[in-house]
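Peer 1: Mind looking over this structure? Questions follow.
The values are calculated or read from the model by the stated rules, or taken from the named source; none is laboratory data. This structure is a prediction, so every number in the text was calculated from the model and none was measured. When we count neighbours, we look across all protein chains shown, and the Cβ atoms used for this are built from the backbone with ideal geometry, even at glycine. Calculation scope for accessible area: heavy atoms of the full protein, side chains included, ligands and nucleic acids excluded. Shrake-Rupley method; radii C 1.70, N 1.55, O 1.52, S 1.80 Å.
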Amino acid sequence: MSTSVDTVTTPPPHAAPQRKQGPLGNRLTARRGLLMVPAFVLIAIFMLGPIVYSIYLAFTNKAVRGENAKSVEFVALDNFITAFSDDRFWNAVILTLIFTLISAVIGQNLLGMVLALLMEKANRIVTFIGTSVVILAWILPEVVAGYLLYTFFADQGSLNTLLTSIGLPGQDWLFSAPILAVSFANIWRGTAFTMLIYSAALTSIPKDVYESAEIDGAGAFTRLMRITIPLMRTAIATNLMLITLQTLSVFGLIFIMTGGGPSGRSQTLPLYMYEQAFSYGQLGYGTAIALILLAIGAIASLIYLKLLPEEDKR
């Protein structure tokens, strides 16, 4: 006669009890989420609130003074239609694209790359001095940098003094070529950011890759095009996106140097928006210009994101 013994499996005494999963997941529970409510409220008030209000203003005839300051009406797409039919708006768009292309995409990007490559090959003393000088222009307040560059490009400024000293004719650069003057000013001020990004990217490239290429007979230019730039693709796309967005919103530097003149020949979209919103008091129309500028920045960001490798998008 056989007997069967029922065995009861009990968890080992050292096993930790299984934690009940909360409605918001294992890490973010309702109690922890409650502690984040004040932060969400502050973000909603000081960030989301102004954004929503700005979108609302863009579709109204809100003004600082006059009848529209008292009675605000919803005008639908009238502000955008007015902008797209205004020659001064398109002049500002073209100048904004020219300013961004010259000072950011070409100027800061290329000069920052050259400086980063030179600093990598130089000794520590030269690297420290060169980096300090370049960064000094970056950390200067925009107002100070604007006045310095105004005195440099002015009719009796340092640039004309240098040109006349070597027998070349000087000219009033802020009048004859204002968009080029403010573009070179932005290059001078913003190159340090690009140089720092590219310097950090260069230090992450293994040295043995260059040594192997050099043994195979690859020259300096070949190593740059076949090794350095492909391995820095992520840094290049990220830098281009950041400096493009920053350059699209440059206001103080141009305002101090030229004020958008003469005759609107250096009036980019931020200055045109400021003129319409605060000089003319048309807040609704000025806010619509700001949303258009935001859309241009979003399109530029999407283009640069396409340049990123697929593994960096995840």
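Peer 1: Let me make sure I get this right: for the range 58-130, a, b and c are the square roots of the gyration tensor eigenvalues over alpha carbons, sorted descending. Under 1.5 in a/c it's rounded, otherwise prolate if a/b > b/c, else oblate. Which is it?
Peer 2: prolate
Peer 1: Can you tell me which of 265, 32, 223 moves the most in a GNM of the chain? Springs connect C-alpha atoms under 10 Å apart.
Peer 2: Residue with maximal mean-square fluctuation among 265, 32, 223: 32.
Peer 1: According to a simple spin-label model (label point 7 Å from Cα along Cα-to-Cβ), what is the distance in nm between residue 67 and residue 121?
Peer 2: About 6.9 nm separates the two model spin labels.
Peer 1: Then there's this: Mean separation of Cα pairs under 8 Å and 6+ residues apart, divided by the residue count of the chain: what relative contact order is that in percent?
Peer 2: Relative contact order here is 26 percent.
Peer 1: Now for a different question. Label points 7 Å out from Cα along the Cβ direction at residue 42 and residue 175: separation in nm?
Peer 2: Between residue 42 and residue 175, the simple spin-label model gives 5.2 nm.
Peer 1: What does the extension gain come out to for residue 78 and residue 229, with contour length at 0.36 nm per residue minus their alpha carbon separation?
Peer 2: 49.7 nm
Peer 1: Moving on to the next point. For the pair residue 306 and residue 207, how long in nm is the line joining their label points, each one 7 Å along Cα→Cβ?
Peer 2: Computed distance between label sites residue 306 and residue 207 equals 4.0 nm.
Peer 1: Based on the mean of other beta carbon atoms within 10 Å per residue, what is the order of 99-111, 116-128, 287-299, most packed first?
Peer 2: Going by the mean number of other Cβ atoms within 10 Å, highest first, we get 99-111, 287-299, 116-128.
Peer 1: Could you work out the local net charge near residue 63, counting Lys and Arg as +1, Asp and Glu as -1, over the other residues with Cβ closer than 12 Å to its Cβ?
Peer 2: +1
Peer 1: With every protein chain in place, what's the accessible area of residue 172 (1.4 Å probe, Å², nearest 10)?
Peer 2: For residue 172, solvent-accessible area is about 60 Å².
Peer 1: Still on this structure, please answer the following. May I ask you to derive the FRET efficiency for residue 110 and residue 86 from their Cβ-Cβ distance with R0 = 35 Å, giving the value to the nearest 0.05?
Peer 2: The computed FRET efficiency comes out at 0.55.
Peer 1: Which shape class, rounded, prolate or oblate, goes with the chain when its Cα gyration tensor gives a ≥ b ≥ c as root eigenvalues, a/c under 1.5 marks rounded, and past that a/b bigger than b/c marks prolate?
Peer 2: Judged from the Cα gyration tensor, the chain comes out oblate (a/c at least 1.5, b/c at or above a/b).
Peer 1: Continuing with the same structure: I want to verify a result. In a Gaussian network model of the chain, Cα cutoff 10 Å, which of these has the top mean-square fluctuation: 283, 248, 48?
Peer 2: Residue with maximal mean-square fluctuation among 283, 248, 48: 48.
Peer 1: Tell me which residues come under 5 Å, amide H to amide H, from residue 60 once H is placed; ignore anything under 5 positions away on its chain.
Peer 2: For residue 60, whose amide H was placed from the backbone, the distant partners under 5 Å are 75.
Peer 1: If you take every residue apart from residue 131 with its C-beta less than 15 Å away from the C-beta of residue 131, what net charge results, scoring Lys and Arg +1 and Asp and Glu -1?
Peer 2: For residues surrounding residue 131, the net value is +1.
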